[in-house]
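Single-structure report; data block below.
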Amino acid sequence: MDRNQLQRQVALKRSFLFEQCYLDPQQFVQLEELQDDANPNFVEEIVTLFYKDSARLFQKIEQALYSRPIDFAKLDDYMHQFKGSTSSIGAIKVKNECSQFKEFCLAANADGCVRALERVKQEHQTLRIHLENYFQLRRQAGLVQRV
Amino acid sequence: MARNGVVSWRRMSEKLDLSPPLVSEEAHVLAVDDSLVDRKVIERLLKISSCKVTAVDSGRRALQFLGLDEEKSSTVGFDGLKVDLIITDYCMPGMTGYELLKKIKESSTFKEVPVVIMSSENVLARIDRCLEEGAEDFIVKPVKLADVKRLKDYMTTARDVGVEESGGGMNKRKLREPCDLMMPTSPPSILPSSPLSSSSSPSKSPSPPLSSSFSAPASPSSPSSLGSPIRRLKMTNAD
């Protein structure tokens, strides 16, 4: 595939992510604006950081969720942290599921929290796959450019 | 007094014994956020806006950095430390941004440093509390480049005109030159003989957008807390 085709694929993937509400275009574009020649992969770096950090937060959340008695305030705190990160990268669907989880925390509904956490993780993973694909395409398009 | 802002600034700088390196340095911002992702983003936002950044993950570490942590005071003096802005998240485990703000405002060395609060939640009561405690501005996350550029403006403002006291404090309110900056000056300067504080030409300045973080001048007798644009917005909208 030549450069143009690859670049077109990158653009299409990006549009898809926006149109399907995986990503908030406003926030994602903000992050893209922080990229320059010296930092061409900032967005990918941030996303990588997000996923690394997510793992840590999920662990904390699960620990809190499966301890007895459940400290819903703590649970809410952890999810609040995670939700903040999703907001920073513009991950709309994940963020919405986080809000659902927080609702269940407020209601001290343990079962609700368990189900909501599952959905959070599902959206989180789906987005990850899409983003990995997007960044890979981007790199491929870039590589071809350099040749 | 001279209408030419540049000339009067130079005279002022001589009075204040400003050395050129101080003025031409990049602004140094202390960023405080427990979120790794947000820290990276704010760091990048600030760097791309030509600021030096020190990013820490807690209020406690921020105080340690500033030499204000009572328990872990450094034996090395922090007199030479120049911090032009402190930007902190509100919700943090341990010490909240609000608590950090209070500690900074209680410090003689750093109370003049502008402190900006960031929060993912747009809670009016929270904003109020922070502004009342002396926060310069309150930014709802996620922080945008436009927000940082705005912050940069009031750091640049203070730096262009110079600093009166030594030891890390940038006094944004007191030494602004209206001709240079197209902004009216604010209430009383700490230099009684300062020519700058008396020159206020509101007609010259463009009316700042309400979302701007520039502090508009209140009349000399009103409290400085009215200078906050968010507070003014609230008052304007009050029935």
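Quick notes on this one:
- Scope the stretch A:113-147; condition more than 16 Å from the chain's Cα centre (by Cα) and surrounded by fewer than 16 Cβ atoms within 10 Å (Cβ to Cβ); matching residues: A:114, A:115, A:136, A:139, A:142, A:143, A:144, A:145, A:146, A:147
- Complete set of residues in the stretch B:99-111 that are out of contact with any strand residue (DSSP E or B) (no Cβ under 6 Å at 6 or more places or on another chain) and touching a residue at least 60 places away in the same chain (Cβ under 8 Å): B:109
- Per the conditions (1) more than 11 Å from every other protein chain (Cβ to nearest Cβ); (2) under 21 Å from residue A:126 (Cβ atoms); (3) crowded, with 18+ Cβ neighbours inside 10 Å; (4) out of contact with any His (no Cβ under 7 Å at 6 or more places or on another chain), the sole criterion not satisfied by residue A:84 is (1).
- If the condition is being of a type outside the set (Ser, Thr, Tyr), within 11 Å of another protein chain (Cβ to nearest Cβ) and either out of contact with any Phe, Trp or Tyr (no Cβ under 6 Å at 6 or more places or on another chain) or surrounded by fewer than 21 Cβ atoms within 10 Å (Cβ to Cβ) (or both), then the stretch A:87-97 contributes A:91, A:95.
- In the stretch A:10-54, residue farthest from the other protein chains (Cβ to nearest Cβ) [restricted to those that are assigned to a loop (DSSP other than H, G, I, E, B) and among the aliphatic types (A, V, I, L, M)]: A:38
- Residue in the stretch A:1-9 that is surrounded by 14 or more Cβ atoms within 10 Å (Cβ to Cβ) and either more than 18 Å from residue A:142 (Cα to Cα) or at the interface with chain B (Cβ under 9 Å from one of its Cβ atoms) (or both) present: no
Taken together, the values in this text are just the output of simple stated rules run on the coordinates, not laboratory data. Remember, predicted model here, so these are calculated numbers, not experimental data. Heads up, the Cβs are rebuilt from the backbone with ideal geometry, glycines too, and the neighbour counts pull from every protein chain shown.
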